[in-house]
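Novice: Could you have a look at this structure, given as structure tokens, before my questions?
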Amino acid sequence: MPIREYIAVDPTASCKFCKERFEQVEPMDSPPISLCPECGNKVQRQISAPQVGGSQSGFDSRAKSAGFSKLEKLGAGEYEKKY
Ligand SMILES: [Zn+2]
């Protein structure tokens, strides 16, 4: 089941739970929630930023053609120049 992220629409009218951002595990076919399950205030769905190092087809070739080098994270403090 996918994890969806939500955040309070109005941070001043929110509880601790939805003020920052919270994750909901929901069935794929269920509609996104619009109210915080804790306080009932309005929440909006957050689209999480793509993970660094994740599969982003197209990004690598675009970065390459733009002349950027890509540094691959190997471990703690280690980077390998990919191209
Ligand atoms: Zn809340």
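Each reported figure results from applying straightforward, stated rules to the coordinates on display, with no laboratory input. Owing to the predicted nature of the structure, the values given are computational and were not obtained by experimental measurement. Quick reminder, even Gly has a Cβ in these numbers, built from the backbone with ideal geometry, and neighbours come from all protein chains shown.
Novice: Output the peptides 38-44, 23-29, 1-7 sorted from most to least packed, where packing is the average of other Cβ atoms within 10 Å over each peptide's residues.
Specialist: On the way: 38-44: 15.7, 23-29: 9.6, 1-7: 13.7.
Sorting 38-44, 23-29, 1-7 by mean packing, highest first, produces 38-44, 1-7, 23-29.
Novice: Would you please state the base-10 log of I(q)/I(0) at q = 0.17, 0.26 1/Å for the stretch 1-47, with intensities from the Debye formula using one equal scatterer on every alpha carbon?
Specialist: Relative scattering, expressed as log10 I(q)/I(0), comes to -0.40, -0.87.
Novice: Taking 0.36 nm per intervening residue step and subtracting the Cα-Cα distance, what contour gain separates Ala66 from Glu80 on full extension?
Specialist: Here the segment from Ala66 to Glu80 would lengthen by 3.1 nm.
Novice: What are the lysines whose alpha-carbon lies under 30 Å from the alpha-carbon of Lys64, with same-chain residues fewer than 8 places away excluded?
Specialist: The reachable lysines, counting only those whose Cα sits under 30 Å from Lys64, are Lys73, Lys81, Lys82.
Novice: Which residues' amide hydrogens lie under 5 Å from the amide hydrogen of Gln46, considering only partners 5 or more residues apart or on another chain, with H built in the peptide plane?
Specialist: Amide H neighbours of Gln46, under 5 Å, 5+ apart: Glu5, Tyr6, Ile7.
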